[in-house]
1. For chain A, give me the percentage of DSSP beta bridges that are antiparallel, rounded to the nearest 5 percent.
2. First check a/c for the stretch A:174-328, with a ≥ b ≥ c the square roots of the eigenvalues of its C-alpha gyration tensor; if it is under 1.5, answer rounded, and if not, answer prolate when a/b is larger than b/c or oblate otherwise.
3. Take every residue in peptide A:46-57, count the Cβ atoms of other chains within 10 Å of its Cβ, and give the average of those counts.
4. In the Gaussian network model of chain A, springs joining C-alpha atoms below 10 Å, which of A:133, A:269, A:199 carries the largest mean-square fluctuation?
5. How many times 2.2 N^0.38 Å is the alpha carbon radius of gyration of the stretch A:59-103?
6. Under 1.5 on a/c is rounded, so check that first for the stretch A:199-264, then, if it is not, pick prolate when a/b is larger than b/c and oblate when it is not; a ≥ b ≥ c are the square roots of the alpha carbon gyration tensor eigenvalues.
7. Classify the stretch A:132-207 as rounded, prolate or oblate from the Cα gyration tensor: take a ≥ b ≥ c as the square roots of its eigenvalues, call it rounded if a/c is under 1.5, otherwise prolate when a/b beats b/c and oblate if not.
8. Measure nothing fancy, just the Cα-based angle from helix A:308-325's long axis to the longest principal axis of chain A, in degrees from 0 to 90, nearest 10.
């Protein structure tokens, strides 16, 4: 591992300044992804700015929304009574990710900023435009089982790995950010970006910008929710594909509102708004779910090894919606 | 260099400036003297000493009830610190990438993968390793249950399994076999002793003893 300088500011502004003024500096919180990437030489920051002493761990149950501090641990959020009551989909998605140990380390801010698990990104002997712009994409003609079916470019076909982010995009969360130019709010759907010609840039954050919290607005999705994750073993593996589904049903089992998002299919958590709209006013039946799934998959395109996702996608959407609808 | 939660740690811009000044000035001194090999060696040694002072960071933490006040290189993971610096080799290095759980320890009572964080990030924390679980010669109930149920073959993953199993019960996530398997999924056992590990945890959980 490269040598680095380590600083541990106790003031938010000092942390932001330390990263904003030094292009080789980066924040570290839980470290579960960054330390891994540093050991492999994929990331080589010259300075680590440890933000664990900043007071950003609180979960505030405000009227109309939950404000979850960026340093709240994944395990704390998943077990939080307010989160479980008001945003059960978020708790389900969190518990589907990683292991109990990792959830005890990983923070909410770090979870959404984790890098892709594309094996070409991780292998420094391979070309990767995300790791080393201009070297090409190893996955495009390589082993691309795990890769994107939506929103990719000829520069990068990697997928975003977070489960939590799939729930947060479905729940219309907002990311609170503090940076050298002050504070701003980013709608969750605009935090992550598609690769385009700059796959090295995962998010729309500016240099030195620090995520301080994520706001999750209250909604009607407190009961009929499900996070369906498909992976190659029963637990502790990244998603081949996942679906966050939330339904608001009336007394006749008709759909008043719906939320749908997919993970493991794109460079960002993939919200399915057209499919959501198609569900509104329909009965909560398998036929309605099948139609919505067909709409959701429009425009999907597979590579050599991930054509299975074209079938797995709609099937997982239907299963997630069926399970969400049947929550008693 | 004050080092506690009230103060920023060394390595702030002031220290950084001083560090590069010292490195440059020792180099300039050496050049000005047009030194012979002896002086060069002395300068190099000085540089190393200067580097050591500034590249190691003071760290205070408690491991298994023993307070330690040391200085470590920031690159040292908590796992390497426990094994290499404190010679507590009960905690195992399996994958070293957070994928196997062999390195599981408790930090302030919470189970974590010690391979995926730097030791310096644990300033002021209380660490418990497998060596700190028994009470003198009396094994922890979870250790006894692993022996009784044959919860291992080669034993390499066992310290991590036991640390994780204790936490699993403390967290209230051991109410059924399914729940145990889910919440123990971060500990891989390539010998495949899973069913016996689950049995050991169920016995301790069922016994209602304080873990």
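1. Working: 42 of 49 bridges.
Looking only at bridges with both residues in chain A, the antiparallel portion is about 85 percent.
2. On the way: a/c = 2.09, a/b = 1.36, b/c = 1.54.
Cα axes put the stretch A:174-328 in the oblate bin.
3. Working: counts 0, 3, 6, 1, 6, 0, 4, 5, 0, 0, 0, 0.
Mean shielding by partner chains, rounded to a whole number: 2.
4. Top of the fluctuation ranking is A:133.
5. On the way: Rg = 10.2 Å, N = 45, 2.2 N^0.38 = 9.3 Å.
In units of the globular-protein estimate, the stretch A:59-103 measures up at 1.10.
6. Numbers: a/c = 2.76, a/b = 1.39, b/c = 1.98.
Oblate, since a/c reaches 1.5 and b/c is not below a/b.
7. Values: a/c = 3.23, a/b = 1.59, b/c = 2.03.
Here the stretch A:132-207 falls in the oblate category.
8. Helix A:308-325 sits at roughly 70 degrees to that axis.
Each value in this text was obtained by applying a stated rule to the coordinates, not by laboratory testing. Quantities reported herein were computed from a predicted structural model and do not represent experimental measurements. Because the Cβ atoms are built from the backbone with ideal geometry, glycine has one as well, and the counts that use them run over all protein chains shown.
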